[in-house]
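Here is the structure we will look at.
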Amino acid sequence: MMTTDKAEDKAEQELRLRRVRAAMAEQGLDALLAFAPAWRRENVRYFTDAPAAGSATFALVPAAGPANGPVTAFSTRAADLHGILRRGWAGEALALDAHAPAALTGRLRDLRPARLGIAHYELLPQLLASELSTALPKTEIVSATKLMDDIRLVKSDWEINRMRQAAAAVEAGWQAFVDVLKPGLPEYAIVAAVEAAIKKLGAEDNFMLIASGGDEVRGMTAPAPRVLQAGDMVRTELTPQVNGYWLQICRSATVGKASDAQHKSFELFNEAVNAGMSAVRPGVTAHDVAKAQNDVFRARGYGEYCTSQYTRVRGHGHGLHLDETPIIEGNETVLPENAVFIIHPNTYTPIAGYHVLGDPVRVTPGGAEVLIGTERKLFEGAI
Amino acid sequence: MKRGLVVLDPEEIPETERRDRVAALQRAMSADGLDVALIYGDVSRSDDIAYLTNLCIYWNEGILAVPAEGEPVFLTKLSPRVHPWMRLVSTVTEIHSGRNFGDLAAKFLGPGDGPGKDAPGTTVGLVDAGLWPAALAEEIRRALPGWDVRDTGDLGRSPRLVPSQHERALLRRAGGLLARTTDDAAVDGMTGSERIAAAERGLRDAGFLDVLARTHDAPGGVTWLEVTGQYRNLWLHASRLADATATAAWPAALRRALATVTAAARSGMTAQRLAEAAAADITGLPLGAAAGVRWVHQADMATNGEYARYPADLPIPEGAVVVLAVEAVFPDGRHAAVADTVAVGATGAESLTSQETTR
């Protein structure tokens, strides 16, 4: 499923380096080091466009200069290196010993940066941080996490194309979810069915939360041994990662025919999603999109269920990380054209318990473009 | 990711054993002069916390605060909405949510009802401090002025290196499941996506919490399938070679080498000695290729052993459950391996992830 147009790939790679190096110049960085612990690999992936399994991976980006040195990748998993080099975005890929990271510190010493930005500096383990500090005693080390977050916020056409490819896995995953529902099935077996469906389509990973039951359900978690019962509403957010890019769907389905209350709940949440969609335009803020959704709940007398007591966010950005800028009141982050995020007003109400509904969208000049084809309705599974 | 079954079952690990684990840590803390131990975990690496409490950090980060006396307390950035679930699937009863860990630690350890109420300014240990995010460790230090915040050793990892009898029973059960599923996913002719889908379906359906399955193209049209699974708080791994044609001799050589390594494995053996035992089997590799032998504690498989030290002369402890792997590196940089998870005794090893058992 990897994009094969080499000219477009090359253009994308060059675009990224131009954007990053321009931001580095603005912030006076002589080098940028992207760090990826196993659960936050988005910035290294941005520079390598290759999957990695290492517990610690890095991408070292020298500032623009006469040589415009190539990106060098590092991984604690030696088996990662061949795939990184084969992809061709990193000029070099080197094995890294977490306790003796001379491969990395040697390259940094060669660069002698006066000011080094580290993306995910906040997550860098002490054993690696101390090695860097020792190797670069005169270097000012600062966080470059926000620099990279800002750059990744706006997707290129190449990235949007990647995210459209992920939509097929999203749709298949949700279909598998609905198809498998039946009384007596444990929650974790639903996950197994979804995983098989999306992995068969080439998904690299998936983030998924789930909850089943009635009005008492207050939120979603990892699956439990609980078995489905007729009349349950089963909620999920499932988020396949395809070619590096995550895309999420939020839906709820009933086991058998939905009750009037479950339908009423769906109508409320669907109205909120539509309100969020209607607010989308280039330059809108995350606050505006969240407020549009929350206002629907407030107007119907359910405003208290938009608070942190019952819910977290009204959506969030997507891309090489699954949970980018939060769509929440008070977040004044501007969402320009080609920002991608999910609109999901997921929360508890007394109508039918926790309800999950949402679609990923792209900001276009004309408003929100929904990136998946799954119908937005209250799905009813067979009994 | 950790999206499989999360369950607390006292029939699997009795409550007394979990209490004993906390008590053992508290004795070690007392010996080190610690009043409180803080154990960090994130979604990719939280086994120390799960060992003590069965808590599953399915997203984000968390810190388990273990006082020298009393019950552990969990500090999390996740919302209080998930506290009921956390209490349902773990032994933790006290959970504090907040926006940053410094404030949470200060609140827990500061004046009030916490361990610092009578004697503020005592000693806190950051367990396996080298693996803590440096910024977070500094945040904790800043939040606890007057406290002696020390880096400690691997107080959380070391008790996990030799599984208990109950854990060994779980590992045996899970090993059989992983063996069958991996073998099914390694039959010739499947695509890489089909293999991974089969591994996910089989293991998630069997109640595995986490599944990390990958395929790699190896020389001669061979496919390396590696499957790592987490069952409860325990890890197993198997690697198989599929699509091996008669023209490629090296897959059979690696398999022979793994059989030899497994037969030779016993407590006290080192990776170096295991490699020497298997040297005669590793024949027929492509020109310029090399093969090696490694072992990793199952307890380190969340990170594939990459954050632990495994020198070639490190002996395997008696009673450990480890992954034995024979891995080849080819001139073009590609890798391929065969591997199984084995329980190691004084006189031999029991393979948990293959049909053949040696002892």
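FYI, it's all coordinate maths here, none of it is from the lab. This structure is a prediction, so every number in the text was calculated from the model and none was measured. Glycine also receives a Cβ, built like all others from the backbone with ideal geometry; neighbour counts cover every protein chain displayed.
Looking at chain B as a GNM with Cα springs under 10 Å, which of B:Ala135, B:Ala302, B:Ala213 has the largest mean-square fluctuation?
So, out of B:Ala135, B:Ala302, B:Ala213, the one fluctuating most is B:Ala135.
So if each residue of separation counts as 0.36 nm, and I subtract the Cα-Cα distance between B:Ala249 and B:Lys77, what length gain in nm does that give?
On the way: separation 172, 0.36 × 172 = 61.92 nm, distance 5.25 nm.
Result: 56.7 nm gained on full extension.
Compute the long axis of helix A:126-135 from its Cα atoms, compare it with the longest principal axis of the Cα atoms of chain A, and write down the angle in degrees, 0 to 90, nearest 10.
Taking Cα atoms only, the helix is inclined about 20 degrees.
Listed highest first by mean packing, meaning other Cβ atoms within 10 Å per residue, what order do A:163-175, A:358-370 come in? Walk me through the numbers on the way to the answer.
On the way: A:163-175: 21.5, A:358-370: 18.6.
Top of the packing list down: A:163-175, A:358-370.
Considering only the protein assembly as shown, what is the antiparallel percent among its DSSP beta bridges, to the nearest 5?
Around 80 percent antiparallel, to the nearest 5.
For q = 0.07, 0.10 Å⁻¹, what log10 I(q)/I(0) does chain B give under the Debye formula with an equal point scatterer on each alpha carbon and no solvent?
-0.34, -0.66
Past 19 Å, Cα to Cα, is the threshold; run A:Lys155/B:Lys2; A:Lys257/A:Lys377; A:Lys6/A:Lys200; B:Lys77/B:Lys107; B:Lys2/B:Lys77; A:Lys182/A:Lys257 against it and keep the listed order. Show your work: numbers first, answer last.
Details: A:Lys155/B:Lys2 28 Å; A:Lys257/A:Lys377 13 Å; A:Lys6/A:Lys200 25 Å; B:Lys77/B:Lys107 14 Å; B:Lys2/B:Lys77 17 Å; A:Lys182/A:Lys257 12 Å.
From A:Lys155/B:Lys2; A:Lys257/A:Lys377; A:Lys6/A:Lys200; B:Lys77/B:Lys107; B:Lys2/B:Lys77; A:Lys182/A:Lys257, over 19 Å: A:Lys155/B:Lys2; A:Lys6/A:Lys200.
Among B:Ala257, B:Gly229, B:Ala218, flag the residue with its Cα farthest along the positive direction of the charge dipole of region B:206-264, charges on Cβ as +1 for Lys/Arg and -1 for Asp/Glu.
B:Ala257
Once the cut-off is 25 Å, how many percent of the Cα-Cα pairs in region B:165-351 end up in the long-distance tail?
32
Could you run the Karplus curve 6.51 cos²θ - 1.76 cosθ + 1.60 with θ = phi - 60° over region B:91-101 and give me ³J(HN,Hα) per residue in whole Hz, x for Gly and Pro?
Once rounded to whole Hz, the list reads 8, 6, 10, 10, 10, 10, 10, x, 7, 9, 6.
Using the Cα centre of region A:6-153 as the reference point, and only Cβ charges (+1 on K/R, -1 on D/E), how large is the resulting charge dipole? Debye, rounded to the nearest 20.
Value, rounded to 20: 140 debye.
How crowded by other chains is B:131-138, given as the mean number of beta carbons from other chains within 10 Å of each beta carbon?
For peptide B:131-138, the averaged partner shielding equals 6.
Can you give me the C-alpha center-to-center distance between region B:226-260 and region A:170-228, rounded to a whole angstrom?
Comparing the Cα centres of region B:226-260 and region A:170-228, I get a distance of 30 Å.
Return B:Ser164, B:Ser90, B:Ser30, B:Ser239 ranked ascending by Cβ neighbour count within 10 Å, so the fewest neighbours appear first. All intermediate terms of the calculation are to be shown ahead of the outcome.
Details: B:Ser164 16, B:Ser90 21, B:Ser30 12, B:Ser239 25.
Ascending number of Cβ neighbours within 10 Å: B:Ser30, B:Ser164, B:Ser90, B:Ser239.
Excluding residues on the same chain fewer than 8 positions from A:Lys138, give the lysines whose Cα lies under 26 Å from its Cα.
Those lysines meeting the cut-off are A:Lys146.
For peptide A:184-193, how many partner chain Cβ atoms fall within 10 Å of a residue's Cβ, on average? Don't skip to the end; give the middle numbers.
Numbers: counts 0, 0, 3, 2, 11, 6, 1, 6, 13, 4.
Counting other chains' Cβ atoms within 10 Å and averaging over A:184-193 gives 5.
Just round it to a whole percent: the fraction of Cα-Cα distances in region B:1-102 exceeding 20 Å.
35
Sort A:89-95, A:285-291 for me by packing, meaning the mean count of neighbouring Cβ atoms within 10 Å per residue, highest on top. If you can, show how the numbers build up before the last one.
Values: A:89-95: 19.0, A:285-291: 21.7.
Descending mean neighbour count gives A:285-291, A:89-95.
Gaussian network model of chain A, Cα springs within a sub-10 Å range: biggest mean-square fluctuation belongs to which of A:Thr254, A:Thr311, A:Thr347?
A:Thr311
Which whole number gives the average, over all residues in B:196-208, of C-beta atoms from other chains lying within 10 Å of the residue C-beta?
Per residue, the number of nearby Cβ atoms from other chains is 6 on average.
With N set to the residue count of chain A, report its C-alpha Rg divided by 2.2 N^0.38 Å to two decimal places.
Cα-based Rg divided by the globular estimate yields 1.05.
May I ask for the Kirkwood hydrodynamic radius of the protein assembly as shown, worked out over all distinct Cα pairs and given in angstroms to one decimal? If you can, show how the numbers build up before the last one.
Numbers: mean 1/r = 0.0373 Å⁻¹.
Result for the protein assembly as shown stands at 26.8 Å.
Kindly state, to the nearest 0.05, the FRET efficiency for A:Glu332 paired with A:Ser278, given R0 = 30 Å and r defined as their beta-carbon distance.
0.95
Under a point-charge model restricted to the Cβ atoms of Lys and Arg (+1) and Asp and Glu (-1), what is the dipole moment magnitude of chain B relative to its Cα centre, in debye to the nearest 20? Don't jump to the answer; show the numbers that get you there.
Working: 36 positive and 46 negative charges, 55 e Å.
It comes to approximately 260 debye.
Rank by packing, highest mean first: peptides B:326-339, A:41-54, A:132-145, with packing defined as the count of other Cβ atoms within 10 Å averaged across residues. Each step should come with its number before you reach the end.
Values: B:326-339: 21.0, A:41-54: 24.3, A:132-145: 15.4.
Descending packing order for the listed peptides: A:41-54, B:326-339, A:132-145.
Can you put B:Val73, B:Val66 in order, fewest other beta carbons within 10 Å first?
Ordered by Cβ neighbours within 10 Å, fewest first: B:Val73, B:Val66.
Enumerate the aspartates and glutamates that A:Lys10 could reach by cross-link, defined here as Cα to Cα under 14 Å, with residues fewer than 8 away along the same chain left out.
Here the aspartates and glutamates satisfying the reach criterion relative to A:Lys10 are A:Asp49, A:Asp157, A:Glu159.
Starting with the fewest neighbours, write out A:Arg226, A:Arg314 ranked by other beta-carbon atoms found within 10 Å of each beta-carbon.
In increasing order of surrounding Cβ atoms, one gets A:Arg226, A:Arg314.
Taking chain B as a Gaussian network, Cα atoms linked when under 10 Å apart, which of B:Ala249, B:Ala320, B:Ala37 shows the biggest mean-square fluctuation?
Result: B:Ala249 has the largest fluctuation of those listed.
In chain A, with Lys and Arg counted as +1 and Asp and Glu as -1 at Cβ, which of these residues, A:Val363, A:Gln175, A:Leu108, has the Cα nearest the positive end of the dipole, that is, farthest along it?
Of the listed residues, the answer is A:Leu108.
Hey, got the dipole for chain A? About the Cα centre, +1 on K and R Cβ, -1 on D and E Cβ, debye to the nearest 20? Don't jump to the answer; show the numbers that get you there.
Working: 40 positive and 45 negative charges, 87 e Å.
In total the dipole reaches around 420 debye.
Defining a contact as two alpha carbons under 8 Å apart and six or more residues distant in sequence, what relative contact order in percent does region A:157-381 show? Walk me through the numbers on the way to the answer.
Numbers: 545 pairs, mean separation 52.6, N = 225.
Taking the mean separation of contacting Cα pairs over the length of region A:157-381, I get 23 percent.
Set Lys and Arg Cβ to +1 and Asp and Glu Cβ to -1, take the dipole of region A:303-383 about its Cα centre, and tell me which of A:Ala352, A:Tyr305, A:Ile372 lies farthest positive.
A:Ala352
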